[in-house]
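Structure first, commentary second.
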Amino acid sequence: MVTQANQPEAVPDIDAEFSDQEAFLGLLSGVANHEAKLAVSAIILHNPSVWFSASALHREVMGRQGEHYGWKMATRGPVGYCEASLAPIGLVARGQTADGPRQLTAYKANDERPDVVELGHAMSGALLDWSLEFPDISLQQILGVTAKKGPFRTPEVRYNLYRALVEHPRGDASVVNVVDSLGSRGIDTFTSYQNVEALTDKDILQAHTLDIATDMTLEIVDPIPRHDKFQANNLNAETVVVYGALQALWQQGKRQIGFDELVTESRVISPDIDVAKLRQAWSSGASKKSENMPGLRLATRSIEDPRQKSTLAINPSYEEAILELVVRLDDIAQAAPDAIQRYISTATAIINDQPAVSKLFAKAKAFSSTFAGQNEAPGAVEQRVASLFTGHGSMSVKQVTEALAQLGKPLSRGSVIRYLGQLTDKDALTVSTERPAPSRRRRIQYFSLPQES
């Protein structure tokens, strides 16, 4: 005998009057970002009248993978997805099934939410098929983890972010325009920028900041310093070099110059000159208020609004996959009957294909930053992180994270930072803070093996 149980307190009741859009967003954040959750959903929804206890669901998941397991999960692994993700969004119902004298917790497709069940079934087919089509890219990378505080979960934010970029006519957009687009959907600025930064750190998105110095040309009004006597006697070394460069350019017949020309001529005079300080002198020359470089004035500038100087685009390596993902998610969001039925048929075909299911679970495991390292001693993970530095010199957190992913041993950025910190505390690594480029203010930590004395 099987009975449906009341939802536990940790699982909120689902309002039966939710719109399709709300159902879609729940599925997007609850299951769309993980191949294993989608596969478990597809298995349960393929057998809508069956109640699955933890052990029964585990047997079904392992059986669907055939003889070669992609991921030999713990017994409570699949049912854990039901408890933490599928039940809270109304995709499955929680009940009890008899096992002799005992009553076991069990889950099945939620008869009270046929709208969510249908959308969820279709989503599993659409995204599992996508994952098989792009075997080197995981939904976990693209949509991020769900466990995030705040009114907007990461998968929802990223889906809207990708849509804004895909729909932009040039394929890129200013960062502020993307953030404004997300703001029109109620997503706060902090959350938007946080996701932009995370995706650029992973190189899924590419941000380009227009160098304001190279964005403008200046006119040489007078290459001779016209400061008063006190100022002339106290000009810093960079300013003296700049005037020397301006005089050389003037003699070459140049009246309007670009920043690169100023740098080139300044380096003829002083090869080791600080480019960042040249940039300051250049900015002074463009400013009507500054008296630091009176021999220069602004000639042309292509971007007047400084908010538009940073642009964002999808990395070409991910462009096809993200475009296809957006198309499929749009299909689910619009709940077009033909598309829904097509994707449900796809889900059925996939879970009846043992090699495909095995590949999907193997992929889910490989890209799981929370699973990575759990079955290893901490010392083994530390040793692997430390070994990356042999023959590679210094590496940033981002470079270490990417190197581990290439080895098939991914760790989250937070885990990488923790292990690097532990290795530094043990003097197994040293850390220094440097600018990635002399003209950039942002500093980055670089880790390296200690130098032998």
Two-site FRET efficiency, Glu319 against Ile224, from Cβ-Cβ distance with R₀ of 41 Å, rounded to 0.05:
0.20
Which pairs in the list Lys72/Lys398; Lys108/Lys409; Lys108/Lys359 are over 28 Å apart, alpha-carbon to alpha-carbon?
Lys72/Lys398; Lys108/Lys409
Mind ranking 313-319, 55-61 by how tightly packed they are, going by the mean number of other C-beta atoms within 10 angstrom, highest first?
55-61, 313-319
For the residue pair Glu22 and Tyr193, what label-to-label distance in nm results when each label sits 7 Å from Cα along the Cα-to-beta-carbon direction?
3.2 nm
Give me, ordered by chain and number, the residues 5 or more places off Ser394 or on other chains with an amide H under 5 Å from its own placed amide H.
none
With θ taken as phi - 60° and the coefficients 6.51, -1.76 and 1.60, list the Karplus ³J(HN,Hα) couplings across the stretch 358-364 in order, rounded to whole Hz; mark glycine and proline as x.
4, 4, 5, 5, 4, 5, 4
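Determine, from the Cβ-Cβ distance of Arg342 and Ser394 and an R0 of 41 Å, the FRET efficiency 1/(1 + (r/R0)^6), rounded to the nearest 0.05.
After rounding to 0.05, the efficiency reads 0.20.
Read-outs throughout are calculated quantities, based only on the coordinates presented, and are distinct from any laboratory measurement. Treat the numbers as computed from the prediction; the structure is a model and nothing was measured. Here the Cβ is made from the backbone with ideal geometry for all residues, glycine too, and neighbour counts use every protein chain on show.
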